[in-house]
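The values are calculated or read from the model by the stated rules, or taken from the named source; none is laboratory data. Predicted, not measured: the structure shown is a model, and the values here were computed from it. FYI the Cβ positions are ideal-geometry reconstructions off the backbone, even for glycines, and counts take in every protein chain you see. Ligands, DNA and RNA are excluded from the accessible area calculation, which covers all protein heavy atoms including side chains. Shrake-Rupley method; radii C 1.70, N 1.55, O 1.52, S 1.80 Å.
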Amino acid sequence: MNVRVSESLNEEAERLDAADPLAHVRKRFVLPAGQIYMESTCLGPLTSSVSAAVREAVDVQWGRRLIDGWWEDGWWEAPARAGDKIGRLLGAAPGQVVVSDSTTVQLFNALVAASRLRPGRKVILSVTTQFPTARYITDSAARMLDLTVRRVPPAEIERYLRADGEAIGVLLHEPVDFRTGELYDLAGLTRAAHAAGCVTVWDLCHAAGIVPVDLDANDVDMAVGCTYKYLCGGPGSPAFIYVGGRHQNVFDQPLPGWNGHEYPFGMRDTYQGAPSIARARIGTPPIISMIALEAALDAYDAVDMRQVRQRSLSLTGFFMTCAEELLTGTAASVATPREPQRRAGHVAVCHGDAPKIVQELRDNGVAADHRPPDLMRFGLHPLYTTHREVYAAVCTLRDLVV
Ligand SMILES: *Cc1c(COP(=O)(O)O)cnc(C)c1O
């Protein structure tokens, strides 16, 4: 490699890290020694506050107070508390996000509830790039409701909405392509869907904690997302669901569980949904995971999403600069769009031997992941990834692909 190029990239990395206003947050994370961890696209790392919170929840709350924990330790309100913390990151006012169940379950809930808000419209519109679990849920929901699913390339959504909008009840979409990291225009697509009279459901798994989505300002109807990727809630931490205030008292919950009843302790024979976001709750929440999630979200305290976005763009942009200098002429190429407004939190690199190279990267201290057939994903987390790590990761990659 050209020594002059590598020296100037190294200096650039140091300069960018030194000027980083979020640098102090990295200390909150428990990062693996000797490894550059770039797999927040799958599972975010532990934050140090989680260990103590979980120990206290188990030993003191459950161990000593047992059932009184539901009230004395605030277990009952934990889904709403964690929801509000996440809501701040999503541009949602308090009382519109709740944490409950898995993304897959809440996708089903949101999609069916949204379809029921547009009776008579027979089409669910989604994208050809849809995430697998969302795809399976969409197909099943459509069979149950006697609807048709139409999947179009992301670039064609607006055209379909204009041409066939009156048949479409729901637009179900992901603002970030989970493979390439391409970022779509959530605001513009939500406006276009509303102009056609459709309800919007957004799957925010690769956006939450990374890109500002401004759900309230954009008038989004419903959204769901996981908490174990960039939000670092831990393996299998429960998902979140956002229901815009105007729908909370009218949406017809397809999984009407006692936790979402207006009188959950009334033991009534018929379901009467709570007139609030609580209606999106289903059954008894997993409290230990909830407590871990709440503690993990502390890493975002006092962090503004605009700062997060700025830092994220700096990391992905620097990755691409390094790739242009170091990977040009190799068999590896960046698959993520170069324009800032079209990229989110990870950079995808395309190579015919991606699975093998991901394994070799790991053997050489860089944890990235592979998505079939030929993509490697590098998740750059604005709260702990450094530009020096980005530079080191691209250098390691270069040594493996030349
Ligand atoms: C990770 C991810 C999911 C995960 O669903 P789970 O029910 O949590 O397993 C769903 N949708 C998208 C777009 C994802 O990236």
Heavy-atom accessible area per residue of the chain, all protein chains kept, 1.4 Å probe, expressed in Å², is 41
How much of the accessible area of region 98-200, in percent, comes from carbon and sulfur atoms when a 1.4 Å probe is used? 51
J(HN,Hα) series, region 19-35, from Karplus relation 6.51 cos²θ - 1.76 cosθ + 1.60, nearest Hz, glycine and proline x: 8, 7, x, 9, 4, 5, 5, 3, 5, 6, 9, 9, 9, x, 5, x, 9
Under 18 Å by backbone N from the virtual spin label 7 Å along Cα-to-Cβ at Thr330, the residues of region 342-369 are 347-369
At 7 Å along Cα-to-Cβ for each site, give me the label-to-label distance between Lys27 and Asp301 in nm. 1.4
With everything on Cα atoms, drop me the angle between helix 387-401 and the longest principal axis of the chain, reported from 0 to 90° to the nearest 10. 70
Report the equivalent ellipsoid semi-axes for region 310-402 in whole Å, largest first, defined as the square roots of five times the eigenvalues of the gyration tensor built from alpha carbon atoms. 19, 14, 13
Nearest 0.05, what FRET efficiency do Thr148 and Lys356 give at R0 = 45 Å with Cβ-Cβ as r? 0.65
Which of the aspartates and glutamates could be linked to Lys356 by a straight reach, that is with a Cα gap under 19 Å, when you skip same-chain ones fewer than 8 residues away? Glu39, Asp369, Asp374, Asp399
Between helix 186-195 and the chain: long-axis angle, C-alpha atoms, 0 to 90°, nearest 10: 40
Given the Cα-Cα distance of Asp363 and Glu56 and 0.36 nm per residue of separation, how much length would full extension add, in nm? 106.9 nm
Along region 269-277, what does the Karplus equation 6.51 cos²θ - 1.76 cosθ + 1.60 (θ = phi - 60°) give for ³J(HN,Hα), rounded to whole Hz, x for Gly and Pro? 7, 10, 7, 9, x, 4, x, 7, 4
The helix 305-326 Cα axis meets the longest alpha-carbon principal axis of the chain at an angle in degrees, between 0 and 90 and rounded to 10, of 40
Given the options Ala302, Ala78, Ala93, state which has the largest fluctuation in a GNM of the chain using a 10 Å cut-off (strictly under) for Cα springs. Ala302
In terms of modelled amide H atoms, which long-range or inter-chain residues lie less than 5 Å from the amide H of Thr47? Val30
Which of the lysines could a cross-linker span from Lys85 if the Cα-Cα distance has to be under 18 Å and same-chain partners fewer than 8 positions apart are dropped? Lys229
Compute the Cα gyration tensor for region 37-79, then decide on rounded, prolate or oblate, letting a ≥ b ≥ c be the square roots of its eigenvalues: rounded whenever a/c is under 1.5, prolate when a/b is larger than b/c in the other cases, and oblate in all that remain. prolate
Divide, for the chain, the radius of gyration over alpha carbons by 2.2 N^0.38 Å, where N is the residue count. 1.02
